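Undergrad: Just passing along the structure, written as C-alpha cells.
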Amino acid sequence: MREALRLARRERGRTHPNPAVGAVVVSGGAVVGRGFHRGPGTPHAEVEALREAGSRARGARLYVTLEPCRHSGRTPPCTEAIQSSGVARVTAAIRDPNPQAGGGADVLTRQGIPTDVGDGASEALEINLPFFSWMVRRRPWITMKEALSVDGRVATRSGESRYLTGQQARRHVHRLRGRVDAIVVGSGTAIADDPSLNVRGIAGGRDPVRVVLDTRGRLLPTARMLQTGSPSPTLVYTASETPVTFERSLYQAGAEVVRVTTLGGHVDLREVVADLGERGLLSLVVEGGPTVHGAFLAAGLYDSLQLYWAPLLLGGEAVPSVAGAPLDALADAWHLTRPRVRRLGVDVLYEAYLATSWEEMKTRCLPAS
C-alpha cells in the first residue's frame, strides 16, 4: 500500500477533476504490476497495474489507494477489469465518496473477490483532499498561502514585499500553482503587485484559474494577469451595484465579471466559494492580501495553510500577515494540526491543516475505528 500511495502522489493535482490514484499487484510476495491514473479519459490505476501484471494477476492481490469504481464513465468499470483478471483479493485504502462510482468494494465482494477497505486511509485522504472536499462538502479545499518575515510581516511599512523569499521558495510556489485549480487575490494585491498569477519555470504545470475579489470594481483591463495569453480564465467577483462599464471593460480584456451580494462591505466569500464549487473547481489557493486572509479566516473557510518564512525582521509597523479584529482569548484562536516543516534554501516552509477542517474530513471520509 505504501508503494500504491507513492504512485498516487506522482500525479497529485494533475488529474482534475478525477482523484490521483495508485495501484499495485502483488503475487508470491513480489510486485508484478504498478499503475497510476494520469487524468480523465486515461486508464484508471487498477487497469494499468493489471495490464502490467498480465497473467501474473491471476490469484494475486491488488492494492489500490481508492475503492475501485463500479460505473461506466469515460472508461469501463474497474470492477469488471478486476473480475476478468483473476485477482483473488483486493485491498483499498479508502471508499470513493462519489455516489456514481462508489460501492465497488461491495460489488467485488458479492462477486466472490474479498475486498478490504481501510489500510492507508488517512494517507489516501490527504492525497486527494480537494476531491473529497468537493464530493462531501460541495466546495473546494481552500489553502492560505503567504510569504512572510520571521516576525509575521508580509511587507514593509511602505508596502514593499517583492521578494521576501528566495528562489527555491518561489519555485515551490509555482509548483503549488501548477497543482491547484484556482488562485485567489484581493483587488488591493492585484493592483499593488500587478501579478501574473500563472505558472512559470515548471515543466507540465498548468495555469490555474485567476480569481480577483473586487467589491468596488477597481481592477483595470490592463492588469498583467489579463495580458499573459494564458488559456485559463480570470474571474472577477464584484458587488451587484458595480457600474456596467467596469464589467464591459474587463470582458473586452478577456475576464468574466461575476456579481454577488456583499456582506460587511465586501463580496460575500461564501457565495464566491459556492460559485467556484459549482464551476467544478476543487482546490483554491488564496494568496492575499492580509484583509482577504482575515476575511477567509473569520468566515471559517480555510482548510490548510502554507507559510513561507523568510530570514528577515521587518518591525512592528510593517504590514501584518492577517488583518481583522484581534482575538481577546487564546480559546478563540484557529488551531492547526498535522504540521510539516521543511527547508527551502534560506527559507522555511510551514504547512498545516486547520484542526476543525481536518477533523471534519476524517469524520466524513474515513472508516469508523
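Undergrad: Just give me the residues in the stretch 278-293 being under 11 Å from residue 323 (Cα atoms) and open to solvent by less than 10 Å² (accessible area, probe 1.4 Å), in sequence order.
TA: 288, 293
Undergrad: Is it fair to say residue 41 is open to solvent by 40 Å² or more (accessible area, probe 1.4 Å) and free of Cβ contacts under 8 Å to residues at least 60 places away in the same chain?
TA: Yes; evaluated as a whole, the condition is true for this residue.
Undergrad: In the stretch 8-29, how many residues are open to solvent by less than 10 Å² (accessible area, probe 1.4 Å) and assigned to a loop (DSSP other than H, G, I, E, B)?
TA: Of the residues in that region, 2 qualify.
Undergrad: Within the stretch 265-276, identify whether any single residue is at pLDDT below 95 and loosely packed, with under 15 Cβ neighbours inside 10 Å, and answer yes or no.
TA: Yes; the residues of the stretch 265-276 include at least one that is at pLDDT below 95 and loosely packed, with under 15 Cβ neighbours inside 10 Å.
Undergrad: Can you name the residue in the stretch 60-77 that is free of Cβ contacts under 8 Å to residues at least 40 places away in the same chain and closer than 17 Å to residue 26 by Cβ and is also most open to solvent (accessible area, probe 1.4 Å) among such residues?
TA: Looking at the filtered set, the residue picked out is 61.
Undergrad: Next question, about the same structure. Determine which member of the set 32, 107, 87, 47 is touching a helix residue (DSSP H, G or I) at 6+ places or on another chain (Cβ under 7 Å), in a loop (DSSP other than H, G, I, E, B) and open to solvent by less than 40 Å² (accessible area, probe 1.4 Å).
TA: Answer to the check: 87.
The values are calculated or read from the model by the stated rules, or taken from the named source; none is laboratory data. What you see is a predicted model; the values in this text were computed from it and never measured. Reconstructed Cβ throughout: ideal geometry from the backbone, glycine too, with neighbour counts over all protein chains shown. Side chains included, ligands, DNA and RNA excluded: accessible areas come from the protein's heavy atoms. Shrake-Rupley method; radii C 1.70, N 1.55, O 1.52, S 1.80 Å.
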